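Inspection log for the structure reproduced underneath, given as structure tokens.
The values are calculated or read from the model by the stated rules, or taken from the named source; none is laboratory data. Fair warning: this is a prediction, and the values are worked out from it, not measured in the lab. Neighbour counts run over all protein chains shown; Cβ positions are idealised from the backbone, glycine included. Surface areas here come from the heavy atoms of the whole protein model, side chains and all, with no ligands, DNA or RNA. Shrake-Rupley method; radii C 1.70, N 1.55, O 1.52, S 1.80 Å.
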Amino acid sequence: MPRNAASARDVAELAGVSRAAVSRCFTPGASISAETRAKILKAADQLGYQVNRLASGLIRNETGLVALIAADMATPYRSELLAALTEAVQQAGKVALLIKTDRTDGSAEQALRQAISYRTDAAIFLSGMPARSLAETCMRNGMRLVLINREDDRP
């Protein structure tokens, strides 16, 4: 039976510190003594602990995920564009989530619904066009949308 991933609580117990201290240890700029940090890092290393970025992002109301929604990914232009976008997303400290579509608007809507279900911070469309109502739902909820090579001439 596979073991569950080590949690911050596990690290806190092994290091003999509070759960809050573990959180501060892995938060850039947070105040924590060098001695406490060393104990936590040793315990984290021993347990193989990795920060759960999705969980911590949800607390801050951001996941760090950016959906790249595209069809025809094997074409030279599209693959170069996806490579450049992925690099830019990663340099911004985010993670690219690639969602393949076909060229239909229905497929684009399905892809956007998938991006919404993962609470992505943004969606970049290289193919297709989501329904205006769905796009408006995203924007009302703080999800940014980028349409590349698309005109939105709908009223």
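Just a few scattered comments:
- Residue check: Arg78 meets all listed conditions (1) touching a helix residue (DSSP H, G or I) at 6+ places or on another chain (Cβ under 9 Å); (2) in contact (Cβ under 8 Å) with a residue 40 or more places away in the chain but one, namely (1).
- Positions within the stretch 4-28 being open to solvent by 60 Å² or more (accessible area, probe 1.4 Å), within 25 Å of the chain's Cα centre (by Cα) and more than 20 Å from Thr63 (Cα to Cα), in sequence order: Asn4, Arg9, Arg19
- Top-ranked residue in the stretch 126-155 [being touching a residue at least 12 places away in the same chain (Cβ under 8 Å) and assigned to a helix (DSSP H, G or I); ranked as surrounded by the fewest Cβ atoms within 10 Å (Cβ to Cβ)]: Arg132
- Every residue from the stretch 56-72 that is open to solvent by 50 Å² or more (accessible area, probe 1.4 Å) and not polar (S, T, N, Q): Leu58, Ile59, Arg60, Glu62, Asp72
- Residue tally, condition in contact with a Ser or Thr (Cβ under 8 Å, 6 or more places away or on another chain) and of a type in the set (Gly, Ala, Ser), over the stretch 83-118: 4
- Residues of the stretch 89-105 that are surrounded by 15 or more Cβ atoms within 10 Å (Cβ to Cβ) and not in a loop (DSSP other than H, G, I, E, B): Val89, Val95, Ala96, Leu97, Ile99.
- The stretch 29-42 - residue that is touching a residue at least 12 places away in the same chain (Cβ under 8 Å) and more than 26 Å from Gly93 (Cα to Cα) and, of those, most open to solvent (accessible area, probe 1.4 Å): Lys39
- Tally, over the stretch 128-147, of residues that are closer than 17 Å to Gly64 by Cα and among the polar types (S, T, N, Q): 1
- Per-region count, the stretch 1-30, residues at pLDDT below 85 and of a type in the set (Ser, Thr, Tyr): 1
- Residue check for Ala123: more than 30 Å from Asn4 (Cα to Cα), surrounded by 13 or more Cβ atoms within 10 Å (Cβ to Cβ), touching a strand residue (DSSP E or B) at 6+ places or on another chain (Cβ under 8 Å) and free of Cβ contacts under 8 Å to residues at least 24 places away in the same chain: no
- Residue in the stretch 55-72 that is more than 26 Å from Leu112 (Cβ to Cβ) and without any contact (Cβ under 8 Å) to a residue 60 or more places away in the chain present: no
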